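Okay, structure first, notes after.
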Amino acid sequence: MSVALIRSNFVGKVASMVCLFAFPLAAQQANTSLSMQPTPTQTQGGNPSGTPTPNAPEPKALPQPTHVDYSKPAPLLPNPFARYIPRAVPPPAFTNSPKIEQLIQNGKLLLSLNDAIAIALADNLDIAVARYNLPIADTDILRTKAGQSFLGTNTGVVQNTPGGGVGGVGSGVTGAGAGGTTAGAGGAGVGAGGFVGSTSGAGPQPDSFDPVVSGTLSFERALSPLANSVTAGTNVLSQNTTAGNFSYSQGFSPGTALSVGFNNSRLTSNSPRFSTNPNLQSSFRAQVRQHLLQGFGPSLNTRLIRQARNNKKITEEGFRFQVIVTVSQIQNIYWDLVNAYEDFKVKERSLALAQKTLSDNQKQVEIGTLAHLDVVRAQSTVATAEQDLIISRTNLQLQQLVTKNALTRSLSGNSAVVQAEVIPTDTIQIPEQENLPAVDDLIQQALAHRPDYTQQKINLENGQINIKGANNGLLPVVDLVGFYGASAIAGLQNPLGTCVGAATPATTGCIPPGSIAPTGFGDAFSNLFNSSAPDKGVAVNIQIPLGNRAAQATQIRSRLEYRQSQLALKSLENQIAFTVRNDAFTVEQNRARVAAAQKAQELSAQTLDAEQKKYNLGASTYLAVLQDERDLAASESAVVAAMTNYAKSKVQLDRDTAATLERNNIVLDEAVTGQIATQPAVPNIIPNKTALQETNPPAQQPPK
């Protein structure tokens, strides 16, 4: 058998071994990935099953904002190389949905509260930003399935939309305009990444659950001058070495690690001292390592997966809280718009009344029945009314801008939305009876449905997982290792060391021809499995940190943080109870203020009418009429403010009891995708007759 034939045989065997290892390992990797996927009930929203939170409803899994579930790896088929190619993420949309432009008529944006909420669910940028937290949380699940630690997800509330009195929802009327955004109540998403404290993931890190196959194919030519020619039989040793080595490693949840190494080499040399030339060597070793103390058990090594799944639930609750906060903010912005619109109408009526009074006074001065000073007073009143109207108009324009900004993704200068006036077509309806549930029932409803409260309870579950990991980290490392391997050689008899002519082994040390049977790589490979040259053994590795101070500090810290979280949960319970009670009181008070303001308006209107009649008969003075006009304008503004405050207090109560979505007929799954098919239905609103009359003027009668 020639050297070229042996080389060809070796290369062919190496190629066969690559295929032999690649396909089973790919299949095993696919099986491992499939075995670690969520059940069908979990994959709908990427929310895996788990132990329900005590005393809290199981959070409903949400669909993904895209059709891709990033908690799963790229499929192995039909493209097995897809897992090594970057996955594209669609760019965000920066254009508005067509619905808002469809509401524009004759240059005016006729906006109802239901339409405002529907548009905001699709286009509000705060909600759009928060949507990405859901697939980001899925990537943490994918990481932990591979045995890596999670990176964390932002689970707080995005509040970059100005207006609506965020942070003090319902606390003001005209002062809660642009720029009033602060942190939302409840402290959603306490702790970075959806978990409490700095000891998250404490304890020994699991081995990589993803199998890893590595290989090396190398070619080397070496010329080595030798000072002693006796050992190698030559003064300059020339060697050509070809190596093909492969290895496989994978970790498993019980704390087991498996590694298999397969090494092959082919060596040709000019030394007569080698028995075979070329010389073929093959060896393998399979090793299993099992943690016995630190790092032992599936419960410990899968804890990061459970925490990532809990963090996904926290993220879903955070998104639900985002929708509640944003919808509440949109409602408050709308009521601020209604307030500004109604106030502008009040100022228009006040100016019209002042102008009429001025005209009447001027006529009386002309006929000599009134002093000129009363005309000057009337002119001053008109000027003041004009000033008030200008201020009210600019406030309305600002509130219209705030509304447009809250409902759109983009406000280009030449768009129809920017140019259009926003006319609120709804107003609040005061029910005859409030019929609020009992305060204790409202508190229980809040504790059962508040997203921030649910987040804190899931955080406690993560804290318990942290404690278990930190406790295990106190243990010394004791590993049991077992291995089995073998080695074999093959090749052709070295012609440089074969006896030629009169040479004899006794005098020259040569090998007689035919002493070594020719063998190839196949012979060496088969000898690895016939126990002709086994290599096997067991070992116990022990590592005992004598001080163990770092592990002690981590373990104590994890328990302290857990106790702190328990107190934080109790504090949140007290805060929720106090807030809900205060909200119920506020609704009751604001309802009484509306009734009082309406009665005061009726009285002011009747008083002004009576005073004007007396004035026309000469039984009163202009100063008395002027004061009554001011009282009427103030009472009308007070009614508008009281109605707005009442509407906002109802919004605040719904927000703090987490009833916003249910009461307003909002489907959370649609908010996740941004495809709003269900029209919101806010209760206790009626058409704004003033706005509708302005936008729909009566048709002109043809001349007779």
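Filtered by the rule that a residue be over 30 Å from L480 (Cβ atoms), open to solvent by less than 30 Å² (accessible area, probe 1.4 Å) and either of a type in the set (A, V, I, L, M, F, W, C) or under 35 Å from the mean Cα position of the chain (by Cα) (or both), segment 259-282 gives a lone residue, L280. Across segment 225-257, the number of residues qualifying as small (G, A, S), farther than 30 Å from Y484 by Cβ and either in a loop (DSSP other than H, G, I, E, B) or modelled with pLDDT of 85 or more (or both) comes to 3.
Does segment 613-623 hold any residues that are at pLDDT 85 or above and touching a helix residue (DSSP H, G or I) at 6+ places or on another chain (Cβ under 9 Å), and which are they? K614 - this is the single residue of segment 613-623 that is at pLDDT 85 or above and touching a helix residue (DSSP H, G or I) at 6+ places or on another chain (Cβ under 9 Å). For the residues E602, E611, E636, the requirement of being under 24 Å from V346 (Cα atoms), part of a helix (DSSP H, G or I), of a type in the set (D, E) and without any contact (Cβ under 8 Å) to a residue 12 or more places away in the chain singles out E602. The number of residues in segment 129-155 being within 9 Å of the chain's Cα centre (by Cα), buried (at least 22 other Cβ atoms within 10 Å of the Cβ) and hydrophobic (A, V, I, L, M, F, W, C) comes to 3.
Considering every residue within segment 93-107, establish whether at least one is basic (K, R) and not in a helix (DSSP H, G or I). The answer is no; no qualifying residue exists. Scanning segment 132-158 for residues that are in contact with a Phe, Trp or Tyr (Cβ under 7 Å, 6 or more places away or on another chain) and either farther than 27 Å from N664 by Cα or basic (K, R) (or both) turns up D138, T139, D140, L142, R143, T144, K145, A146, G147.
When segment 64-110 is filtered for residues that are within 26 Å of E317 (Cβ to Cβ) and of a type in the set (A, V, I, L, M), the ones remaining, listed by number, are V68, V89, A93. Can you confirm whether R630 is touching a Phe, Trp or Tyr at 6+ places or on another chain (Cβ under 7 Å) and either open to solvent by 20 Å² or more (accessible area, probe 1.4 Å) or not in a helix (DSSP H, G or I) (or both)? The answer is no for R630. Contact list please: Cβ distance under 6 Å, first residue in segment 416-438 and free of Cβ contacts under 8 Å to residues at least 60 places away in the same chain, second residue assigned to a loop (DSSP other than H, G, I, E, B) and open to solvent by 30 Å² or more (accessible area, probe 1.4 Å), pairs at least six apart or on different chains. Pairs found: V418/L411. Might you let me know whether segment 561-576 holds any residue that is more than 30 Å from L653 (Cα to Cα), open to solvent by 60 Å² or more (accessible area, probe 1.4 Å) and not in a helix (DSSP H, G or I)? For segment 561-576, residues more than 30 Å from L653 (Cα to Cα), open to solvent by 60 Å² or more (accessible area, probe 1.4 Å) and not in a helix (DSSP H, G or I): absent.
Only one of the listed residues (T403, T394, T381) is part of a helix (DSSP H, G or I), within 34 Å of the chain's Cα centre (by Cα) and of a type in the set (S, T, Y). That residue is T403. Report yes if K108 is open to solvent by 10 Å² or more (accessible area, probe 1.4 Å), touching a Ser or Thr at 6+ places or on another chain (Cβ under 8 Å) and of a type in the set (K, R), otherwise no. So K108 fits the description; yes.
Please determine whether any residue of segment 558-581 is acidic (D, E) and touching a residue at least 60 places away in the same chain (Cβ under 8 Å). Yes - at least one qualifying residue is present in segment 558-581.
When the test is whether a residue is hydroxyl-bearing (S, T, Y) and at negative phi, S531 does not pass it.
Considering segment 536-560, and only residues there that are closer than 30 Å to A448 by Cβ and out of contact with any Gly (no Cβ under 8 Å at 6 or more places or on another chain), the residue that is most open to solvent (accessible area, probe 1.4 Å) turns out to be L560. Annotation: S515 fulfils all but one of (1) modelled with pLDDT of 80 or more; (2) within 27 Å of N264 (Cα to Cα); (3) not in a helix (DSSP H, G or I); the unmet one is (1).
The residues on offer are A93, A116, A74, and the sole one that is under 28 Å from the mean Cα position of the chain (by Cα), open to solvent by less than 100 Å² (accessible area, probe 1.4 Å), free of Cβ contacts under 8 Å to residues at least 60 places away in the same chain and at negative phi is A74.
Note on segment 641-660: residues that are aliphatic (A, V, I, L, M) and open to solvent by 20 Å² or more (accessible area, probe 1.4 Å) amount to 2.
Put simply, of R349, R309 the only residue that is part of a helix (DSSP H, G or I), within 30 Å of G201 (Cα to Cα) and open to solvent by 20 Å² or more (accessible area, probe 1.4 Å) is R309. Exactly one residue out of L442, L337, L447, L358 is in a helix (DSSP H, G or I), over 19 Å from E636 (Cα atoms), open to solvent by less than 50 Å² (accessible area, probe 1.4 Å) and touching a Ser or Thr at 6+ places or on another chain (Cβ under 7 Å), and it is L442. Close Cβ contacts (under 8 Å, 6 or more residues apart or on different chains) running from residues in segment 387-409 that are within 23 Å of P92 (Cβ to Cβ) to residues that are assigned to a helix (DSSP H, G or I) and open to solvent by 20 Å² or more (accessible area, probe 1.4 Å) comprise K404/V418; R409/L125.
This table checks each residue for (1) touching a Ser or Thr at 6+ places or on another chain (Cβ under 7 Å); (2) open to solvent by less than 30 Å² (accessible area, probe 1.4 Å); (3) hydrophobic (A, V, I, L, M, F, W, C).
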| site | (1), (2), (3) |
| --- | --- |
| I458 | yes, yes, yes |
| G469 | no, yes, no |
| N472 | no, yes, no |
| V481 | no, yes, yes |
| A488 | yes, yes, yes |
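Is it the case, given these coordinates, that V260 is at pLDDT 95 or above, part of a strand (DSSP E or B) and in contact with a Gly (Cβ under 7 Å, 6 or more places away or on another chain)? Taking the combined requirement at face value, the residue does not satisfy it.
For segment 283-292, the condition holds for no residue, the condition being that it is open to solvent by less than 10 Å² (accessible area, probe 1.4 Å) and at pLDDT below 95.
The values are calculated or read from the model by the stated rules, or taken from the named source; none is laboratory data. This one's a predicted model, so the numbers in the text were calculated from it and none came from an experiment. Please note: Cβ atoms are built from the backbone with ideal geometry, for glycine as well, and neighbour counts cover all protein chains shown. Side chains included, ligands, DNA and RNA excluded: accessible areas come from the protein's heavy atoms. Shrake-Rupley method; radii C 1.70, N 1.55, O 1.52, S 1.80 Å.
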